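Take this structure, written in structure tokens, and hold onto it; I'll ask about it next.
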Amino acid sequence: MALSLPAIMRTTAARLSALYFLLFALCAVLLVFYMTSLSARMLTAQTQDTINDEVAGLDRAYRRGGLPVLVRVVEARSRQPGANLYLIADANGQILTGNVQSLEPGVIETEGWTTEPFSYQRFGEGELDRLRSGAPDQATPPSGEPEAQAEGEKGHNAIALVLRLPNQMIMLVGRDLGEPERFRAVIRRALMLALGMMGLGGLLIWFFVGRAALKRIDSVSEASRRIMGGDLSGRLPVTGAGDEFDRLSENLNTMLARIAKLNEGLKQVSDNIAHDLKTPLTRLRNRAEATLAGRQKTPDYRQALESTIAESDQLIKTFNAILMISRLEAGYSSETTSRVDLAAAVRDVVELYEPVAEEAGVILETSAPQAFAVDGNRELIGQALSNIVDNAIKYSADSTGQPTVRVALVRVGHEIRLTVSDNGQGIPDDADRARVTERFVRLEKSRSQPGSGLGLSLAKAIMTFHKGKLDLLPADPGLSAIMSFPAREDH
């Protein structure tokens with residue numbers, strides 16, 4: 001897959017990122033307009049408060065000395081550096097005093113606050129502009145003429161409060177908007193610059209993060225294609241970053257390992273079934289063929305049928321064991337679980353195998369001094385214990401001393417351990433002890449002992465089903481099979 005912008009935009013993460021970016025951009029633009037508007041309103045309100053204070057001071061001067069005092073105060077304040085706008089005009093609009101040379105037409109015709117900012121020029125600014133531009137000297141046009149308006153448009157903007165004095169004269173007090181306008185422009189430029197930088201950063205991060213995420217997805221897709229192509233040993237890549245991609249890959253790798261293990265087990269089962277069941281089936285066929293070929297009497301036919309039935313029963317047991325192991329290893333079972341007394345289960349199994357042990361010349365001992373309860377299935381636990389005890393009796397008969405099998409039940413911490421030990425030859429090799437619990441594995445090369453190699457496999461599957469474990473350890477001499485069950489919390 002090409003790592004292009006259209007490829008990135010086809011991913012859900014990129015589309016969500018683009019949506020969030022557009023939402024952020026819209027909010028940022030609205031914030032810019034809101035902040036500039038708010039700053040303008042605040043500056044306008046502050047300017048009006050300043051003008052109201054000036055008007056209040058001029059009103060006190062007018063009340064104290066009339067028009068002469070008011071004119072003197074206006075002239076004094078208009079000459080101060082950075083002064084506000086002051087203007088006193090007659091009823092016809094002719095400027096009498098102040099620091100304003102010209103105004104837009106119609107500014108002083110309406111009493112009250114000016115509805116919009118207006119342009120004006122102070123005394124001397126037009127002359128200074130002409131000197132800078134090299135234009136010939138011209139007379140200053142009166143207020144209200146087009147030339148004055150043109151010069152005013154080149155000047156400044158302001159807001160003002162226009163008042164009518166009792167003698168119909170006009171007084172204007174205003175404040176230049178240059179500083180507020182500059183402040184508002186600075187805020188607007190700063191916000192727009194911040195918006196642009198954040199937008200560019202967001203686009204770059206979105207693009208590169210999207211490319212990185214797409215590369216990770218591509219690597220996972222490529223590994224998945226190899227696995228689907230038959231390479232079950234392949235695994236999804238893990239970068240070690242510990243992010244959600246790594247966690248997903250680790251979980252999928254665990255699942256793939258489990259699937260590979262099940263496939264390997266299935267292959268081994270198929271091979272073992274073909275190998276280990278071929279011999280008894282061949283014996284069945286040969287026995288039937290030999291019986292039919294000769295002139296046998298009725299007792300001979302009966303004996304042949306009994307042998308066939310016994311051989312068939314053994315085959316059925318083998319298949320039942322295989323099915324039970326498959327059900328238990330698959331993680332589900334229709335068998336019900338309940339509170340099981342392990343001591344009672346031990347006594348039942350020992351009682352069942354005492355005649356077998358006595359016939360084989362093996363001493364069968366038991367040590368279960370008290371009741372130990374676990375959650376499980378009594379039949380399955382009895383089946384696992386029977387398989388282990390049967391193996392112990394079978395392989396302890398070749399011991400150098402008195403063959404002995406001991407069954408002991410103890411509690412160690414949070415575990416209840418059921419141990420079956422014998423003093424036979426044991427399994428000295430660690431690898432063989434780990435392998436003997438696999439299906440159809442028999443360490444006896446001659447295969448002179450009866451069995452199918454499924455007893456310990458079934459016992460291990462039963463212990464796994466009960467959330468326990470089966471350990472095979474050397475007993476020096478002999479072998480110890482330890483079945484560890486999690487103890488009940490109320491026990």
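The values are calculated or read from the model by the stated rules, or taken from the named source; none is laboratory data. Remember, it's a predicted structure, so these values are computed and weren't measured experimentally. All Cβ positions, glycine included, derive from the backbone under ideal geometry; neighbour counts span all protein chains shown. Only protein heavy atoms, including side chains, enter the accessible area calculation; ligands, DNA and RNA are left aside. Shrake-Rupley method; radii C 1.70, N 1.55, O 1.52, S 1.80 Å.
Local charge sum around PRO117 (other residues, Cβ-Cβ under 11 Å, Lys/Arg +1, Asp/Glu -1)?
Its environment carries a net charge of -3.
Oh, and also: Compute the distance in nm between two label points, each set 7 Å from the Cα along the Cα-to-Cβ direction, one at LEU200 and one at VAL356.
For the pair LEU200/VAL356, the computed spacing is 8.4 nm.
Using each residue's phi in segment 364-372, evaluate 6.51 cos²θ - 1.76 cosθ + 1.60 at θ = phi - 60° and report the 3J(HN,Hα) Karplus result to the nearest Hz, with x for Gly and Pro.
For segment 364-372, the Karplus-derived couplings read 10, 10, 9, 9, 9, x, 9, 7, 10 Hz, x marking Gly and Pro.
So, taking all protein chains as they sit and a 1.4 Å probe, how much accessible area belongs to PHE208, in Å² rounded to tens?
120 Å²
Here is a further query. Whenever you get a sec, line up LEU43, LEU385 from highest to lowest accessible area (probe 1.4 Å, protein heavy atoms). Write out the running numbers ahead of the final one.
On the way: LEU43 30, LEU385 5 Å².
If we order LEU43, LEU385 from most to least accessible, we get LEU43, LEU385.
Pop out the ³J(HN,Hα) list for segment 48-58 in order, Karplus 6.51 cos²θ - 1.76 cosθ + 1.60 with θ = phi - 60°, rounded to Hz; leave Gly and Pro as x.
Result, rounded to whole Hz: 5, 4, 5, 5, 4, 5, 5, 5, 4, x, 5.
Something else about it: If amide H atoms are built 1.01 Å from N in the plane of the peptide, which residues on other chains or at least 5 residues away come under 5 Å of the amide H of GLU104?
SER119
Now for a different question. What pairs in LYS394/LYS460; LYS215/LYS261; LYS297/LYS317; LYS267/LYS460; LYS278/LYS317; LYS394/LYS467 have C-alpha atoms more than 23 Å from each other?
LYS215/LYS261; LYS297/LYS317; LYS394/LYS467
As a test of reading the structure, rank TYR353, TYR120 by solvent-accessible area (1.4 Å probe, protein chains only), most first.
Order by accessible area, largest first: TYR353, TYR120.
In whole Hz, what ³J(HN,Hα) sequence does segment 413-429 give by Karplus (6.51, -1.76, 1.60; θ = phi - 60°), x for Gly and Pro?
Values per residue, Gly and Pro as x: x, 9, 10, 10, 10, 10, 10, 10, 10, 9, 10, x, 6, x, 10, x, 7 Hz.
Please report how far the C-alpha centroid of segment 469-484 lies from that of segment 13-80, rounded to the nearest whole angstrom.
Between the Cα centre of segment 469-484 and that of segment 13-80, the gap is 91 Å.
Which order do THR419, THR254 take by accessible area at a 1.4 Å probe, largest first?
Working: THR419 30, THR254 95 Å².
My answer, sorted largest first, is THR254, THR419.
Could you work out the local net charge near VAL405, counting Lys and Arg as +1, Asp and Glu as -1, over the other residues with Cβ closer than 11 Å to its Cβ? Intermediate results must be reported in sequence, preceding the final value.
On the way: positive: LYS394, ARG406; negative: GLU354, GLU365, ASP390, ASP422.
With Lys, Arg at +1 and Asp, Glu at -1, the net is -2.
Here's a follow-up. Enumerate the amide H contacts of LEU96 below 5 Å, restricted to partners 5 or more residues apart or on another chain; note that Pro and chain-start residues carry no placed amide H.
Long-range HN contacts for LEU96: ILE88, ALA89, ASP90.
Any chance you could look up the accessible area of PHE319 with a 1.4 Å probe, heavy atoms only, rounded to 10 Å²?
Around 100 Å² of this residue is reachable by solvent.
With all protein chains present, calculate the accessible area of ILE259 using a 1.4 Å probe and round the result to the nearest 10 Å².
Accessible area of ILE259: about 70 Å².
Å³ per residue of the Cα convex hull, for segment 66-127?
Taking only Cα atoms, segment 66-127 has a hull volume of 107 Å³ per residue.
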